[in-house]
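Encoded as structure tokens, the structure appears first; notes follow it.
The values are calculated or read from the model by the stated rules, or taken from the named source; none is laboratory data. Just so you know, these numbers come straight off a predicted model, no measurement behind them. When we count neighbours, we look across all protein chains shown, and the Cβ atoms used for this are built from the backbone with ideal geometry, even at glycine. Areas reflect the complete protein model, heavy atoms only, side chains present, ligands, DNA and RNA absent. Shrake-Rupley method; radii C 1.70, N 1.55, O 1.52, S 1.80 Å.
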Amino acid sequence: MKKVIRNILISVLVICVVVFAIFFGISQYVVNSTRDNVHTIAQIEESGEHVDAILVLGASVYVDGTPSDILADRLEVACDLYFADVAPAIIVSGDNTDSHYNESDAMKDYCVELGVPAGNIYVDHAGYDTYASVWRAKYVYGAQSVVIVTQAYHLYRALSIAEGLDMRALGVAADKGEYNNQTMYSMRENVARVKDFFQTLFHVEPADVVQPIKR
């Protein structure tokens, strides 16, 4: 009986090690395969790159509707890219799951405050997660090439999704300082990379794909 239990425990341990190795391997692949596509604003300006749109990925907003620090940094970098004539439009993609929480409208308002014309900002209310935001940028908003703006820890996954969906994608990291809960974000990101790797592999269609384009 003890031998059987020991063999079962060994088998479970081996399975756990294999699963962890696969999990870690996919996460590292996502980072390593996209690292060269992460640039600074200056590098993109110098290269003369021009894309269909700048895609800003959503993050939390405060109760009064103002962007959190992490989101404000993304939006400021996106506006800098817009004023550098990298793209003619900005897509702000965020979560708008109920009437009391609206990331995307807050994102647009912030960009307008920074001087971007409202008519050049596309508001995606159905960017419920990173995969949906990137998928919709291509299949709903028609962007075949994008510069994606988010923090570095998140950027690799977004670029991997875009490349897997056959988009031409560059990334600019919006890290301007330390953020609260950064360790938690980074740990959660490893899980999300694996999830989105498989979603991208099978070109999964997200929910709410027929929402009309809004500005």
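Here is the figure for the range 184-203: residues that are over 11 Å from TYR131 (Cα atoms) and loosely packed, with under 14 Cβ neighbours inside 10 Å total 7.
Total residues in the range 66-99 satisfying the condition of being part of a strand (DSSP E or B) and surrounded by 22 or more Cβ atoms within 10 Å (Cβ to Cβ): the figure is 5. Taken residue by residue, the range 125-137 has at least one member that is farther than 26 Å from THR34 by Cβ and touching a helix residue (DSSP H, G or I) at 6+ places or on another chain (Cβ under 7 Å). For residues that are in contact with a Cys (Cβ under 9 Å, 6 or more places away or on another chain) and part of a helix (DSSP H, G or I), scanning just the range 100-119, find the one that is least open to solvent (accessible area, probe 1.4 Å). Here the answer is CYS111. Of all residues in the range 18-38, those that are in contact (Cβ under 8 Å) with a residue 40 or more places away in the chain and farther than 22 Å from VAL147 by Cβ have Cβ atoms under 6 Å from Cβ atoms of residues that are aromatic (Phe, Trp, Tyr) and surrounded by 12 or more Cβ atoms within 10 Å (Cβ to Cβ), 6 or more apart or on another chain, in ILE26/PHE197.
Restricting attention to the range 20-65, the residues that are in contact with a helix residue (DSSP H, G or I) (Cβ under 8 Å, 6 or more places away or on another chain), loosely packed, with under 14 Cβ neighbours inside 10 Å and in a loop (DSSP other than H, G, I, E, B) total 1.
Of everything in the range 148-183 that's more than 17 Å from LEU81 (Cα to Cα), open to solvent by 10 Å² or more (accessible area, probe 1.4 Å) and assigned to a loop (DSSP other than H, G, I, E, B), which residue is modelled with the lowest pLDDT? Only one residue tops the list, namely ASN181. The numbered conditions (1) more than 22 Å from VAL63 (Cβ to Cβ); (2) free of Cβ contacts under 8 Å to residues at least 40 places away in the same chain are all true for ILE148 except (2).
Does ALA132 meet the test of being open to solvent by less than 20 Å² (accessible area, probe 1.4 Å), at pLDDT 95 or above and touching a Pro at 6+ places or on another chain (Cβ under 7 Å)? Here the answer is yes, as ALA132 does meet what is asked.
Return the pair list, or none, for Cβ contacts closer than 9 Å from residues in the range 60-71 that are more than 12 Å from GLY94 (Cβ to Cβ) to residues that are assigned to a strand (DSSP E or B) and modelled with pLDDT of 95 or more, at least 6 apart or on different chains. If the second residue must be assigned to a strand (DSSP E or B) and modelled with pLDDT of 95 or more, the pairs left are ILE70/THR150. For VAL140, the criteria (1) more than 23 Å from GLY65 (Cα to Cα); (2) open to solvent by 40 Å² or more (accessible area, probe 1.4 Å); (3) more than 15 Å from the chain's Cα centre (by Cα) hold in every case but one, which is (2).
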